[in-house]
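Okay, so here's the structure we're looking at.
The values are calculated or read from the model by the stated rules, or taken from the named source; none is laboratory data. Since we're looking at a predicted model, the values are computed, not measured. Counting neighbours? That spans all protein chains shown, and the Cβs are built from the backbone with ideal geometry, glycine included.
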Amino acid sequence: MRVVHVSAYFAPAFCYGGPPRSVLGLCRGLQQAGVHVEVITTTANGAADIAASPPEGDTYDGVPVRYLRRAFPKRFFGARLRAPLRAALARADICHVHGLWNVPEWTATRLAREMGVPYVLSPRGMLHPAARRVNGVRKKVAWRLFEQSAVAAAARLHATSEEEADLLATFVDRRRVVLVPNGVEAQSVATAQGTDRFNLPQGAFVVTFIGRLHRIKRLDLLVDAFARVQAVHREARLVIAGPDEQRCLASMAPLLARLGDAVRYVGPVDDGDKWRLLGKSSALVLCSDSENFGLSVVEAMAAGVPVVVTRTCPWPDIERGRCGFWVEHTPQAIAAALIDLAERPDCARAMGERGARLARDKYSWNAIGEALAGCYERVIAEQPR
């Protein structure tokens, strides 16, 4: 079985958060399941583009990939896509398109329909009402011009959480929605090596955020919650890691100034630093206005770190698996959960252990690759001969 994956950006463009990592992990899981994969993407990588591929293509971490030079309209990840996509689709049994509201997705879904190639579409949270309100006028136009037909014609819509599956079932028949979560390379936790650049006090209660610094991530709630924790536990520290896309830290400068050295922004982290930071963390917090998954949550669980996630994020597994707290979307609720973890270290340790088991059993990329390979086989079998 041959599958072509299309994404506006791909590893190592990790400045775009979880999707480049999750598409890479999925491709590697599919390879383990015996599926031939190739990726068509752009050179987008924030401020510094990736080098365009030679005609024969590239590989990244064993995954065949074509990085196509960006072109107009760069805002929507435009690139010279049609010829490479047409050639890739001609040798593919199925296409898997990741993300919405971008030129690679529009081009791939249209070409796949023209060529009679079935496709799976992973919206990756981009159909959530909160996400659709960002640049809402442009998205209303794009929905009428491109997205509505692309969603309607997909052989499957791929959800990564129960909440997202329920949402996607309002767009298509529920039988065309497949629920397969994102995953994590759990062995990375044990193998991370290198210099510790965080210099955190020995024995400190360390609260961590890892991800893009964006308004939707609601770091204002996290900082407010941490201030309440720090008022009770003076040794507590907050570490914020990730690219500051919208000058979020500047908007919180007065509160951050009052917290002083208790809060540390370490900028973007590579894989090694991420796992080293998780190894020093007492808890990880995610309190976005909306998430379709939240990769940092499962990474923290894989590292044995208890998590505090607000109910705006689709993580009932935390409550069911007793590996952290799934709380209301308020600084008071976040702070109460963190204080509980700080004051009951044995309970926190047990939560971390349960989270590590859950990450290993449910969120390994090999299991996820096998699940999506089965989905692809069912889609191919449904096609008229």
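Yes or no: region 261-271 includes at least one residue that is crowded, with 17+ Cβ neighbours inside 10 Å and closer than 15 Å to Gly211 by Cα. Checked against the condition, which is being crowded, with 17+ Cβ neighbours inside 10 Å and closer than 15 Å to Gly211 by Cα, region 261-271 yields at least one hit. Taking the criterion of being touching a Pro at 6+ places or on another chain (Cβ under 8 Å) and either small (Gly, Ala, Ser) or exposed (fewer than 11 other Cβ atoms within 10 Å of the Cβ) (or both), the residues of region 42-88 that qualify are Gly46, Gly57, Ala79.
Can you name every residue in region 314-358 that is among the small types (Gly, Ala, Ser), in contact (Cβ under 8 Å) with a residue 40 or more places away in the chain and out of contact with any strand residue (DSSP E or B) (no Cβ under 6 Å at 6 or more places or on another chain)? Result: Ala335, Ala342, Ala348, Gly352, Gly355, Ala356. The set of residues from region 1-21 being in a loop (DSSP other than H, G, I, E, B), over 17 Å from Thr107 (Cα atoms) and not hydrophobic (A, V, I, L, M, F, W, C) comprises Pro12, Gly17. Here the strands (runs of 3 or more DSSP E) wholly within region 275-385 that include at least 1 residues being among the polar types (S, T, N, Q) and modelled with pLDDT of 95 or more are 307-310.
Return the residues of region 242-265 that are part of a strand (DSSP E or B), charged (D, E, K, R) and within 20 Å of Arg228 (Cβ to Cβ); say none if nothing qualifies.
Correct list: Arg264 only.
Within region 48-73, restricting attention to residues that are outside any loop (DSSP other than H, G, I, E, B) and in contact (Cβ under 8 Å) with a residue 24 or more places away in the chain, the residue that is nearest to Glu245 (Cα to Cα) is Arg70.
Listed by first and then second residue, the pairs with beta-carbon distance under 6 Å, at least 6 apart or on different chains, first residue in region 129-141 and in a helix (DSSP H, G or I) and loosely packed, with under 15 Cβ neighbours inside 10 Å, second at pLDDT 90 or above and acidic (Asp, Glu), are Ala130/Asp289.
Restricting attention to region 180-199 and to residues that are buried (at least 16 other Cβ atoms within 10 Å of the Cβ) and not β-branched (Val, Ile, Thr), the residue that is modelled with the highest pLDDT turns out to be Pro181.
If you go through region 22-47 and keep only what is modelled with pLDDT of 95 or more and assigned to a loop (DSSP other than H, G, I, E, B), you end up with Ala33, Gly34, Val35, Thr43, Ala44.
Of all residues in region 255-266, those that are assigned by TED's automatic domain parsing to the domain that holds Asp244 have Cβ atoms under 6 Å from Cβ atoms of residues that are crowded, with 16+ Cβ neighbours inside 10 Å and part of a strand (DSSP E or B), 6 or more apart or on another chain, in Leu256/Val263; Ala262/Arg237; Val263/Leu238; Arg264/Val239; Tyr265/Ile240; Val266/Ala241. Take the conditions (1) free of Cβ contacts under 8 Å to residues at least 24 places away in the same chain; (2) touching a strand residue (DSSP E or B) at 6+ places or on another chain (Cβ under 7 Å); (3) of a type in the set (D, E, K, R); (4) under 28 Å from Arg144 (Cα atoms); Glu114 misses just one of them, which is (2).
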